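Since the structure comes first, as structure tokens, the remarks are kept for the end.
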Amino acid sequence: MRGALRTVLFAAFAGALALTIGGCRADLPADSFPSGAAVLRLALADDVPTLDPAAGYDAASWEFEQVLYDTLVRYAADSNELRPDLALSWGISPDATVFTFHLRHDASFTNGRQVTSADVRYSIERVINPKTRSQGVQYFLPLLGAADFAAGRTPHARGIETPDPYTIIFRLDKPDPIFLHKLAMPFAAAVPKEVVERWGEDFARHAVGSGPFMLKQWLSGQRLILVKNPHYFLSGLPKLDAVVALIGVNEELQWLKFEAGEIDISSIPPAEFTYVMKTPRLKALTIHHVTAVTSYLGMNCQMPPFNDVRVRQAFNYAVNKPKLVAILNGRGVVARGVLPPGMPGYDPDISGYAYDPAKARRLLEEAGVRAGFAPVVWLTSDPTMLVLGQSIQQDLALVGINLVLKPVAWGPLLDAVREPHTAELFLLGWGADFPDPQNFLEVLFSKEQWGANNDTFYYDPKVQELLTEASVVADPKRRYELYQQIQQIIVNDAPWVFLYHPVAYVIRQPWVHGIRLHPLRPARLDYIYVTARGAEGEQTSGETNQTR
Amino acid sequence: MIRAGRLNWLEIVGGTIALSLVVVALFAPVIAPHDPTRAVAQTFGDPGPPSLAFPCGTDQLGRDVLSRLIYGARVSLIVGLSAMAVAMTVGVAAGLCAGFFGGWTEMVLMRLTDVMLTLPGLLLAMAFVAILRPSLLTILLVISLVSWTGVARVVRAETLSMTNRDFVLAARALGASAGRLMIRHVMPNIMPTVVVMAALSTSGTLLLDAGLSFLGLGVPPPTPSWGRMVEESQIYFRTAPWLAFFPGLAILYAVLGFNLLGYGFLRRRNPQ
């Protein structure tokens, strides 16, 4: 999933910092819940883009979609292990082309109707259907007959069979060892056909699923309220009665609200982070993990002088990465390669590029880049990004390069990196959608992705050959070996300046428990619970409320 | 009339401030203790408080705030003074022509001025900077573009009051050309007003420049500018208030100086 370089990556709170400092326009409807109800109060900078699983492809949407709907399989709360969800058991053919699932009998949508294999088929066919314009279509096109179905030649995709209401079989046109992970994405979530057809494009506003929560209210730009699904099939979940998310509260305002005890979980603004870490009482309330994200400075390998590998390596030596991490208050791990730690295939022995300006100068000289060269770097106008950009500007000035910053909005930045010969340098990040190196290495460095996700227009015949070979290997050991080999070539070719892997931090109130951060996905809201926080109605947070 | 004579206190204070800024800007490389773009302290991500070594502290990129303030004076003065000069030139020319010729010339010029005046200056400047790429030259031109209108109006009014005075009529009777009348006879008599307007509008252009920088539309980094310094320090407002305080103070100092100077000139002209 595409993401800007950000310090805060608890996905719930990601999203560009809102320019609106207006803040909270809607107060918590405290009276709408009975006293004693377990309500979790959150705040978001930006509105949730959508709650339609076919449409959402960002962390903010997924945080809520993953508790409104169910997929056949899903991840454990804090690891990449797949667990049963709608499916109780499943089998995979040895060549990884046939996937059979046996559904549970006790799952039902919140409109009361049972979830059957036909619903799962309908939901996936809806994503494949070009009329839905879903970005998830790419993950299901390898299904047999998917192209025919998309073209309207067949009523159903041939590769999805539903022999009975509780069995569903997927057949692929070629082996795909990671197809299970694709089925764990919210794109594959079961939606009720009758509700989708009733509301059409407006389904997101009237979301009905089978997950632990259901949508109670979504006022654009104001608040989103989810309430417990009393008929959820897993007993004891969710642990909360409701989740209330205020929308339009920027990071700084979130912090003030957190200190005032008005919200239960908050991100920590850069300026407050050092203070929090120096205060044992607050530090004990933080939760953090290294995200499966790599932040990088991309170099367009087709644009001179960046078509010269020496120039790209020189940039890698010239940028002081530990300094970037220090600027982020240590909320990052220096990147030495493409894959983030925790990702299968991650190679802890990869050496990467140490900070060495002398070596950078030598390489630039060899490549014939003269002092005063002034390349333009594209980046979002997010304040954190601008500070990081200026830090890189400082570093490059020391080797005679006058970097020019070009801050733009998110949309134009993505457009620019998809256009050949447009952006020579750019600051971006990539987060994995599923735990497999293919999701980084093939998606970002194969020739097929030129003009799409291969933003550096990188091409290497050997890499291309190995990528094709690795994608169908089902044996994990062999598979990861091949990907490590690919990664080593890419690191040597240096299409990116490998910057850092962000470390996400959140802080909770003392009465909030059960937050479990997932390496790839937003934290699941259904495991969170709250204990009594003193007299009902009293909104102070006790000792965390002290000011300096 | 410009009268020589003792300087009033407004002129002394305002003039001293303006002069001090010019000196600081001119000799920035000599005065500044450090390079304003380099990291000189290891205060990455955690701004350093004012100390003996760094009297105004260091920012989140380890740069010396005092040196950045000193270099920031350059950008502010270059933009402020040049934009003022361009705005004054355009404004005086438009006002003189409108007041002197009247008729269609006045009609066209003054309606144009009215239209420009209906548009809020900062918004107009933001729109222009967003369309053109931010650079020293575009910022300067955009600020002049939104600042000349007030001058044009005042100059027109002054010119109107001059054109029927005896000395102008006399010169006209002696066969002086329109150009000569405007430059030799009307201009010198409206100069005191123009000087007052120039000093006052400098503080306006300074503020506009700081405003644009604050909104991220000013002179691009790494060139230090006061407005951007305030903007970048916003998030540290509670933990490192000195970061925003010093550049804010610098803006206050400069604007105050030029305003005092302007009022000083005004008092010289109308002693009451």
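The values are calculated or read from the model by the stated rules, or taken from the named source; none is laboratory data. A quick note: this is a predicted structure, and the numbers were derived from the prediction, not measured. Every residue, glycine as well, gets a Cβ built from its backbone with ideal geometry; the counts of neighbours run over all protein chains shown. Keep in mind that these areas ignore ligands, DNA and RNA; they rest on the heavy atoms of the full protein, side chains included. Shrake-Rupley method; radii C 1.70, N 1.55, O 1.52, S 1.80 Å.
Just name the residue that is most open to solvent (accessible area, probe 1.4 Å) out of those in the range A:102-135 that are of a type in the set (A, V, I, L, M, F, W, C) and not in a loop (DSSP other than H, G, I, E, B).
Residues of the range A:102-135 of a type in the set (A, V, I, L, M, F, W, C): A:103, A:107, A:109, A:115, A:118, A:120, A:124, A:127-128.
When the remaining residues are screened for being not in a loop (DSSP other than H, G, I, E, B), the result is A:103, A:118, A:120, A:124, A:127-128.
Values: A:LEU103: 8, A:ALA118: 49, A:VAL120: 2, A:ILE124: 1, A:VAL127: 2, A:ILE128: 4 Å².
Ranking the candidates gives A:ALA118 first.
Would you say B:VAL65 is at pLDDT 90 or above, among the hydrophobic types (A, V, I, L, M, F, W, C) and over 30 Å from B:ARG153 (Cβ atoms)? Yes, satisfied. The helices (runs of 4 or more DSSP H) found entirely in the range A:372-475 that carry 2 or more residues being away from chain B (no Cβ under 14 Å) are A:410-418, A:438-445, A:461-471. Out of the residues in the range A:391-426 meeting the condition of being within 20 Å of A:ILE327 (Cα to Cα), in contact with a helix residue (DSSP H, G or I) (Cβ under 9 Å, 6 or more places away or on another chain) and among the polar types (S, T, N, Q), tell me which one is most open to solvent (accessible area, probe 1.4 Å). Out of the qualifying residues, it is A:GLN394.
Mind telling me which of the residues B:LEU19, B:LEU7 ends up being farther than 30 Å from A:THR274 by Cα and either at pLDDT 85 or above or within 14 Å of chain A (Cβ to nearest Cβ) (or both)?
Numbers: B:LEU7 fails: either at pLDDT 85 or above or within 14 Å of chain A (Cβ to nearest Cβ) (or both).
Step by step, each of B:LEU19, B:LEU7 is checked, and only B:LEU19 is farther than 30 Å from A:THR274 by Cα and either at pLDDT 85 or above or within 14 Å of chain A (Cβ to nearest Cβ) (or both).
Scanning the range B:214-235 for residues being modelled with pLDDT of 85 or more and assigned to a helix (DSSP H, G or I) gives a total of 9. Annotation note: of A:ALA157, A:ALA147, the sole residue that is open to solvent by 50 Å² or more (accessible area, probe 1.4 Å), hydrophobic (A, V, I, L, M, F, W, C) and at pLDDT 85 or above is A:ALA147. Could we say that A:PHE99 is in a helix (DSSP H, G or I), of a type outside the set (A, V, I, L, M) and crowded, with 17+ Cβ neighbours inside 10 Å here? Criteria not met by A:PHE99.
This table checks each residue for (1) open to solvent by 30 Å² or more (accessible area, probe 1.4 Å); (2) among the aromatic types (Phe, Trp, Tyr); (3) over 30 Å from B:ARG153 (Cβ atoms).
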{"residue": "B:SER201", "(1), (2), (3)": "no, no, no"}
{"residue": "B:THR205", "(1), (2), (3)": "no, no, no"}
{"residue": "B:GLY216", "(1), (2), (3)": "yes, no, yes"}
{"residue": "B:PRO220", "(1), (2), (3)": "yes, no, yes"}
{"residue": "B:TRP226", "(1), (2), (3)": "no, yes, no"}
{"residue": "B:SER233", "(1), (2), (3)": "no, no, yes"}
{"residue": "B:TRP242", "(1), (2), (3)": "yes, yes, yes"}
{"residue": "B:TYR263", "(1), (2), (3)": "yes, yes, no"}
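A single entry from A:TYR317, A:TYR353 fulfils the requirement of being in a loop (DSSP other than H, G, I, E, B) and modelled with pLDDT of 90 or more: A:TYR353.
Is it fair to say B:LEU243 is within 14 Å of another protein chain (Cβ to nearest Cβ) and outside any loop (DSSP other than H, G, I, E, B)? The answer is yes for B:LEU243.
For B:ALA53, the conditions (1) more than 14 Å from chain A (Cβ to nearest Cβ); (2) at pLDDT below 90; (3) in contact with a helix residue (DSSP H, G or I) (Cβ under 6 Å, 6 or more places away or on another chain) are fulfilled apart from (3).
Quick one: which strands (runs of 3 or more DSSP E) lie wholly within the range A:192-303 and hold at least 2 residues that are over 26 Å from A:GLY429 (Cα atoms) and at pLDDT 90 or above? Per the criteria, A:213-219, A:223-228, A:242-247.
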